[in-house]
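No value in this document is a laboratory result; all are computed from the given coordinates. Predicted model, so just to flag it, every value in this text is computed and none were measured. Ideal geometry is used to build each Cβ from the backbone, glycine not excepted, and the neighbour counts take in all protein chains shown.
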Amino acid sequence: MNYQVNYIEIVSGACIPLIIALTAIAFPLLLQTVSRIDDKYSSTNLVKVFYKDKICKSYLFFWW
């Protein structure tokens, strides 16, 4: 029994579409969160602090 696994085919077939789907879902949620902060507290300073967050910066860096 010869079990050869083609990892490149597995990655391109499963992982890449999964990563694309996760980023496609996360970006609108990120924008919705910023919009809720702005609507709820009516403060642009909170939105600026949110954009300065490390996670937000890293996500926006990879998205744009």
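Rounded to the nearest 20 debye, the dipole magnitude of the chain is 320 debye, with +1 charges on Lys and Arg beta carbons, -1 on Asp and Glu beta carbons, and the Cα centre as origin.
What length, rounded to one decimal in nm, is gained on full extension from Leu31 through to Phe61, with 0.36 nm per residue of separation minus their alpha-carbon distance?
Numbers: separation 30, 0.36 × 30 = 10.80 nm, distance 1.43 nm.
Additional length available on full extension: 9.4 nm.
For region 37-56, the residues whose amide N sits under 19 Å from a probe point set 7 Å from the Cα of Leu22 along the beta carbon direction are 54-56.
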